[in-house]
Amino acid sequence: MAADLVVRDALIADGSGGPLGQGDVAVKDGLIESAGGEPVHAGPATIEIDGRGDLICAPGFIDVHTHDDAALVRYPGLEFKIAQGCTSLVVGNCGFSAFPGIGEDDIETIASADWPDLETYRAEVTAGGFACNAMALIGHNTLRIATIGRTESRAATVAELASMRGEVRRAMEQGACGLSTGLIYQPGKWTPTEEIIELATAAGEAGGVYATHMRDEGERLLESVAEAIAIGRSSGCLVQISHHKAGGEENWGKVADSLAAIDRANADGADVTLDFYPYTASSGPMAEYVTAETVTQDWAEHNLFATCPPFPQYQGRYVSEVAAAEGISSAELVRRVQATAAGRRTISIGFGMSEGDLLSNIGHPRVMIGSDGVPELDGLPHPRLFGTFPRIFARYVRELGVIPVAEAVRRMTSLPADRFGLAGRGRLIPGNHADLVVFDPAQIRDLATYQDPKREPAGIGAVVVNGELAVHNGLHTEARAGQLLRYRCS
Ligand SMILES: [Zn+2]
């Protein structure tokens, strides 16, 4: 029997970070049959992909920080991820997940909790079909809104805590990989550390991950990292620091200090890993950052309107620039935007990080790649949604030469697969699931920009998910071969 698919004569980056190999990668029945060495079946496969001797075949990339929970239903083709070579996504980040449902359809622009639990979510997304594999975190904000409410700024009662703990346990039983927090958002920011430890312990008992958007990513970055490490120690969870960064010019350089603190903790028995995205701008719901009362001129000069439903003509322009053009103050402009119901769904992009801190992140062996893209395609999303993974190769591997290509692949494959329990993925070894990407290391590049962010990258010829071609000859096939994975189950 011939193989179903063979990538012929490629450079093989097997996910381990070791030297590139050369040869064929064969796929049969959704699994990798051979990678390098002698092909098990010498004859032609049903589908032949020419590796040309200089294209890289790697395990499909894993985007560990996504907000694609609702996108699995809304944009099931997930073209913005598939086109980057991503074959698996971790959803439910920053404390917001698709479950447990709260009976509201617009909790945040980044997710909508419409499903009572992970099993009902799995049933619905699986019935519809979707393009990438996904692994789910249960979000603490979603859980707390469902149990206590969005605007309660108090600690949980004993009964509420028991109820939330039960939900975390149930999610883990249903295949979640852990608990996420978003401690700058409501209601996460009102949560005492002890309450998070209680809930994380329910995940830790199942060997799970505590993934955190920390309380502060600027002035109090180091204190926030210390809290995350302490939560990991007390709960027994593995710790994932999400979108590791230092915002605000006065805090530039702290990423290196934070990584040093994490190295010390790991040497001392902790198990902390991180992710980052390769851009100096962040993005999120504008209402979480400013109101008419709090907006400053400095903020207005460093922040763009990304998606602005009531005033799409503002999109792609700085807040200060729009205010000047309209002949009003930035405060008046923010009030105008936020006065409408749709205005609260406005997303902004803020330039507040340093290139040096990005270099510190990419230079650290425990730092993975997470796009943090917000899949809102109606406006102008942050270019990270379409560009993150190719940008690592274009800028940090090829242009700056700060990380070898095989190591960049490891950070996108085996490292995240091990951390988030994507069993049988992340390495090109026989018997693993056939999630593959074939790209040209000389050509792979991001094309998405802040003004034109919905451009798919260049240099990626083929993407395979569970043995099915999702991209062939650079074109989407519309395959829906993704699966909602269970933690540490192959
Ligand atoms: Zn976040």
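A compact table of results
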quantity: Matching residues in the range 76-107 - criterion: being of a type in the set (Val, Ile, Thr) and within 16 Å of the ligand (Cβ to nearest atom); calculated: VAL90, VAL91, ILE107
quantity: Among the candidates ASP372, ASP435, ASP418, residue that is buried (at least 21 other Cβ atoms within 10 Å of the Cβ) and either within 14 Å of the chain's Cα centre (by Cα) or within 27 Å of ILE262 (Cα to Cα) (or both); calculated: ASP372
quantity: Of residues in the range 50-75 being in a strand (DSSP E or B) and of a type outside the set (Val, Ile, Thr), the one nearest to the ligand (Cβ to nearest atom); calculated: ASP63
quantity: Positions within the range 171-222 being within 16 Å of the ligand (Cβ to nearest atom), part of a helix (DSSP H, G or I) and within 13 Å of GLY139 (Cα to Cα), in sequence order; calculated: GLY188, ILE196
quantity: Residues (assigned to a strand (DSSP E or B) and either touching a His at 6+ places or on another chain (Cβ under 6 Å) or small (Gly, Ala, Ser) (or both)) located in the range 126-148; calculated: ALA134, ALA136, GLY139
quantity: Evaluation of ARG74 against (1) at pLDDT below 95; (2) charged (D, E, K, R); (3) over 20 Å from ASN133 (Cβ atoms) (one fails), failing number; calculated: (3)
quantity: Tally, over the range 211-240, of residues that are charged (D, E, K, R) and surrounded by 24 or more Cβ atoms within 10 Å (Cβ to Cβ); calculated: 1
quantity: Odd one out for GLU399 among (1) surrounded by 22 or more Cβ atoms within 10 Å (Cβ to Cβ); (2) over 27 Å from GLY92 (Cα atoms); calculated: (1)
quantity: Filter pass, GLY53 being touching a strand residue (DSSP E or B) at 6+ places or on another chain (Cβ under 9 Å), modelled with pLDDT of 95 or more and closer than 17 Å to ALA146 by Cα; calculated: no
quantity: Test set (1) in contact (Cβ under 8 Å) with a residue 24 or more places away in the chain; (2) farther than 17 Å from GLU376 by Cα; (3) surrounded by fewer than 24 Cβ atoms within 10 Å (Cβ to Cβ) - GLY77 fails condition number; calculated: (2)
quantity: Verdict on TYR289 being of a type in the set (Ser, Thr, Tyr) and under 15 Å from SER330 (Cβ atoms); calculated: yes
quantity: Residues being away from the ligand (no atom under 16 Å from the Cβ), within 21 Å of HIS302 (Cα to Cα) and either in a helix (DSSP H, G or I) or not polar (S, T, N, Q) (or both) - total across the range 326-378; calculated: 20
quantity: Residue pairs meeting the criteria (Cβ under 7 Å; at least 6 apart or on separate chains; first within 19 Å of ALA342 (Cα to Cα) and at pLDDT 95 or above, in the range 311-327; second part of a strand (DSSP E or B) and of a type in the set (Ser, Thr, Tyr)); calculated: GLN315/THR307
quantity: Tally, over the range 152-165, of residues that are farther than 16 Å from PHE96 by Cβ and either assigned to a loop (DSSP other than H, G, I, E, B) or within 26 Å of the chain's Cα centre (by Cα) (or both); calculated: 7
quantity: Residues of the range 415-436 that turn out to be in contact with a Cys (Cβ under 8 Å, 6 or more places away or on another chain) and over 13 Å from ILE32 (Cβ atoms), as a count; calculated: 3
quantity: Test for THR280: is it among the hydroxyl-bearing types (Ser, Thr, Tyr), more than 22 Å from LYS189 (Cβ to Cβ) and at pLDDT 95 or above; calculated: yes
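Matching residues to (1) over 30 Å from THR151 (Cβ atoms); (2) surrounded by fewer than 19 Cβ atoms within 10 Å (Cβ to Cβ); (3) touching a Cys at 6+ places or on another chain (Cβ under 7 Å):
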{"site": "ALA203", "(1), (2), (3)": "no, no, yes"}
{"site": "SER242", "(1), (2), (3)": "no, no, yes"}
{"site": "GLY247", "(1), (2), (3)": "no, no, no"}
{"site": "LYS254", "(1), (2), (3)": "yes, no, no"}
{"site": "SER283", "(1), (2), (3)": "no, no, no"}
{"site": "THR291", "(1), (2), (3)": "no, yes, no"}
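The values are calculated or read from the model by the stated rules, or taken from the named source; none is laboratory data. A quick note: this is a predicted structure, and the numbers were derived from the prediction, not measured. Here the Cβ is made from the backbone with ideal geometry for all residues, glycine too, and neighbour counts use every protein chain on show.
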